[in-house]
Amino acid sequence: MFCNQCEQTAKGTGCTQIGVCGKQPDVAALQDLLIYACQGLSCVAVEAGKAGVTDKATDLFLYKAVFSTLTNVNFDAERFVPLIKQAVELRTCLQAKLNPLGVTASDCDAVRFTPAADLAGLVKQGEAHAIASLDPNADIASLKQTVLYGIKGVAAYADHAALLGQYDPSVAAFIYKGLASALRIDLDLGAWVALAMECGQANLTAMQLLDAGNTETYGHPVPTSVPLGHRKGKCILVSGHDLKDLETLLKQTEGKGIDIYTHGEMLPTHGYPKLKAYKHFFGHYGTAWQNQIKEFAAFPGAILMTTNCIQKPSSAYLPNIFTTGLVGWPGAVHVGNEDFSAVIKRALELPGFTDDVEGVSVNVGFGRNTVMSVAPAVIDAVKAGKIRHFFLVGGCDGAKPGRNYYTEFVEKAPADTVILTLACGKFRFFDKQLGDIGGIPRLLDIGQCNDAYSAIQIAVALAGAFNCGVNELPLSLILSWYEQKAVAILLTLLSLGIKNIRLGPSLPAFITPNVLAFLVENFDIKPISTPDEDLKAILG
C-alpha cells in the first residue's frame, strides 16, 4: 500500500500499512486499480473526442468512479468491483463505436486491461498499478500526482453538479485528457505545469456548474442565523455536502415529527431559501468531520452521510449511521434510490433529544449575491480606512496538530479587518463573536468548499470596483487543506494568477522541493508560519 493524497498522511510522507483515514490496503489497491481502469477508458475517450464521438452517460460514470477514490468517501472494498468492471465495459463499448471509423486508441496496457475474476485478484492487480509508480522522474511524478489529485476534486464537483442537472462535456474531456496523460512518460515538466493549470480551469467550470445547480434549484443564499442548540424531539443528522439528498430527506420527513440537523459542511445549507422553508429543518450539530466519532456517538438520532467525510464508525453509533450515494463503510447500511425510509425508521426508534437547549447561533448565507448587495458600503468603508484588509481564512479542517493556527489568526486579526471563510476549516472559529464594521459583519461565511467560486466572483467584482487586479486588492488568502477538493481549488486559484497564498498546516507530501521552488517563484505560495509573523508580514 502507498497513499499520500491527503494532508494527514503518515509521517508526512505516505501511508504504507494502513491509511491514517482508516483505509485498508485492499481498498487502497482497488482505488488505484479503478483509476487505472479509468485511464484505459480515458485513452479511448480522448480518441473518440477527436472523432466527434462523445457519450454523456460515460462522462457521468467517470465522475462517480473517480470521486469514489477521493479521501473519506468509500471504504467498502466490494463496492469497487462493479465500478472497475463497468469502466472496462464502457471502454469496450466506446471502442466499438470507433471501429467503423477506423479509429483506435494508443496500444498501451491500460487499454488492454482485463479485470481479474475475483476480489483477491483485483487487489493484486491494483498493487501493481499503485500511484507510487507514476514516473521515474521525481518532479514529473510530483506534478502527475498534483494533477491526478486535482482531477479527483474536479470529478467530485462535477458529480455534485450533474445530480442537479448541470453538465458541461468540457469537464469530462479534461479528466479524460489528464488521466490518459498520466500514463505517458514523454511529457516534460512544462507540459505538466500546463496540465495542472488546465486542471484548475476545469475545476473552475465544475464549481460554476455546481453553483448554478445550487442557486437555480434552491435560490441564492441569504443571511441566516442557525441555532447550535437543539429542541425536544426525534432527529436526523445530515453530513457531507449534497444539497439534493438533504432536500429529499426534508421532503420525506415532513409531517413525521422529526427535526433535521446539519453537520460539517452542510451548515451553509441553512442559507438557501428553498431549504430553510422547511419548518423541521432546525439547526446545526457538531463541528468538522474529524470530530464525528465523539459527536456522532452523542447524537440521539439517525445519521445520514451524503458524500465524503465519513470516518470509521464506532460501535456506539454504527447501527444509527447510514450511507448514500458514493459513500460506503463495511457494516454501515447503505441506502440508495433516494429512499430514506430506513433512516426515518431508525430515527423514530431512537429517543431523540429529550429537552430544549437554546445554545448560541451562528450566521451563514454570505454568498456573492449577499456580499455584492452591500458592495457600495464595503467600498466606502475601505476608502474611508474603516476596513484595512480582507482575509479569506478557509479550507479543510483536520486532526493533525497545527490547525490551531487558524483560530489564533482570526482571533488576532485587527478589528479593522474582515474575515471571509468557507469549507469546514471555519469550525476552528465559526462561533467567534467578532462584531461588525459599520454594520458589516467581520466574519462572513461564504459557504461550502465549492463556494470558492463565489469567493472568486467577489474578489473579481471588488477588483473591478477599485479598478485594479485581484492581486492588488487588500485581500490575503490563508488556506488550510486536507483532501483533493482543496488541491483542485488551489489549482484553480493558481490558474487565475492569484498569488501570495499562505498554505498549511503542512505542505503536500507529493510536492518535491523543485516543484515547490517553482510554485514559490511563480506564484509566491508560502507555508504558514505563526499568526503574529504572518499578520505582521501582510499588514506591516
For residue 371 the rounded accessible area (nearest 10 Å², probe 1.4 Å, non-protein molecules ignored) is 20 Å²
How do 358, 216 stack up against each other in accessible area, from largest to smallest, with a 1.4 angstrom probe?
-> 358, 216
From the C-alpha gyration tensor of region 463-540, pull out the three semi-axes of the equivalent ellipsoid (sqrt of 5λ each), sorted largest to smallest, in whole Å.
-> 21, 16, 12
Would you mind checking which residues have amide H under 5 Å from residue 475's amide H? H placed 1.01 Å from N; only 5 or more apart, or other chain.
-> 390
Cross-link partners among lysines for residue 251, C-alpha distance below 19 Å, same-chain residues fewer than 8 apart left out?
-> 234, 274, 276, 279, 345
Relative contact order, percent, of the chain when contacts are C-alpha pairs under 8 Å separated by at least 6 residues?
-> 17 percent
So how long is each side of region 391-540 along the principal axes, counting just the alpha-carbon atoms, biggest first, in Å?
-> 46, 38, 31
Can you tell me the Rg and the Dmax, both Å, for the Cα atoms in region 196-337?
-> 15.6, 51
Using a 1.4 Å probe and counting only protein heavy atoms, arrange 382, 222, 73 so the residue with the most accessible area comes first.
-> 222, 382, 73
Principal semi-axes in Å for region 272-335 [√(5λ), Cα gyration tensor, largest first] | 22, 14, 11
Mind checking the log10 I(q)/I(0) for region 2-94 at q = 0.13, 0.17, 0.26 Å⁻¹? Debye, one equal scatterer per Cα, no solvent, two decimals.
-> -0.48, -0.73, -1.26
What are the extents of the Cα atoms of region 34-136 along their three principal axes, listed from largest to smallest and rounded to whole Å?
-> 39, 29, 28
Expressed in square angstrom to the nearest 10, the accessible area of residue 192 with a 1.4 Å probe stands at 0 Å²
In Å and whole numbers, how far do the C-alpha atoms of the chain stretch along each principal axis, longest first?
-> 67, 58, 43
Helical segments meeting 27 Å axial Cα length and Kyte-Doolittle -0.5 threshold in the chain (DSSP H) = 25-50, 77-98, 138-163, 189-218
Is it possible to state the helix-based mean residue ellipticity at 222 nm for the chain, with each DSSP H run of 4+ residues giving -39500 (n - 2.57), the sum divided by total residues, to the nearest 500 deg cm²/dmol? What is it?
-> -14500 deg cm²/dmol
How big is D for region 77-200, in µm² s⁻¹ as a whole number, if Stokes-Einstein is applied with the Kirkwood radius of its Cα pairs at 10 °C and 1.306 mPa s?
-> 97 µm²/s
When the accessible area of region 1-141 is computed with all protein chains present and a 1.4 Å probe, what percentage of it is carbon and sulfur?
-> 56 percent
For region 403-486: rounded, prolate or oblate by the Cα gyration tensor [a/c cutoff 1.5] | oblate
Whole-number D in µm²/s for region 297-433 (Stokes-Einstein; Kirkwood sum over Cα pairs; 25 °C, 0.890 mPa s) | 131 µm²/s
Once the piece of chain linking residue 101 and residue 354 is laid out straight, how much longer is it, given 0.36 nm per residue of separation minus the C-alpha distance between them?
-> 84.3 nm
With the charge dipole of the chain built from beta-carbon charges (+1 for Lys and Arg, -1 for Asp and Glu) about the Cα centre, the Cα from 509, 423, 126 projecting farthest to the positive end belongs to 423
Net charge (Lys, Arg +1; Asp, Glu -1) of residues whose beta-carbon lies under 12 Å from that of residue 177, residue 177 excluded, is 0
Could you order 296, 466 by accessible surface area, starting with the largest, using a probe radius of 1.4 Å?
-> 466, 296
Whose amide H sits under 5 Å from the amide H of residue 55, counting only residues 5 or more places off or on another chain, with H placed in the peptide plane?
-> none
In a solvent-free Debye calculation with one equal scatterer on each Cα, what is log10 I(q)/I(0) for region 127-188 at q = 0.30 Å⁻¹, listed in the order of the q values?
-> -1.28
Heavy atoms only, probe 1.4 Å: what % of the accessible area of region 308-408 goes to carbon and sulfur, would you let me know?
-> 55 percent
In Å², nearest 10: area of residue 78 left accessible to a 1.4 Å probe = 120 Å²
Expected unfolding gain across residue 57-residue 468 under the 0.36 nm per residue rule, minus the alpha-carbon gap, is 143.7 nm
If you roll a 1.4 Å probe over the heavy atoms of the protein chains, what accessible area per residue do you get for region 131-197, in Å²?
-> 32 Å²
Label model pair residue 118, residue 334: point-to-point distance (7 angstrom along the Cα→beta-carbon line) in nm is 2.1 nm
Solvent-accessible heavy-atom area per residue, rounded to whole Å², over region 296-426 at 1.4 Å = 39 Å²
Evaluate the relative contact order of region 164-307 (contact order divided by residue number), counting alpha-carbon pairs under 8 angstrom at least 6 apart; express in whole percent.
-> 27 percent
Would you mind giving the three semi-axes, in whole Å and largest first, of the ellipsoid equivalent to region 138-275 according to its Cα gyration tensor?
-> 39, 15, 12
Filter the cross-link list 23/244; 383/485; 50/124; 152/526 down to pairs whose alpha-carbon distance in this structure exceeds 29 Å.
-> 383/485; 50/124
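The values are calculated or read from the model by the stated rules, or taken from the named source; none is laboratory data. This one's a predicted model, so the numbers in the text were calculated from it and none came from an experiment. FYI the Cβ positions are ideal-geometry reconstructions off the backbone, even for glycines, and counts take in every protein chain you see. To get the accessible areas, we keep the full protein, side chains included, count just its heavy atoms, and leave off ligands, DNA and RNA. Shrake-Rupley method; radii C 1.70, N 1.55, O 1.52, S 1.80 Å.
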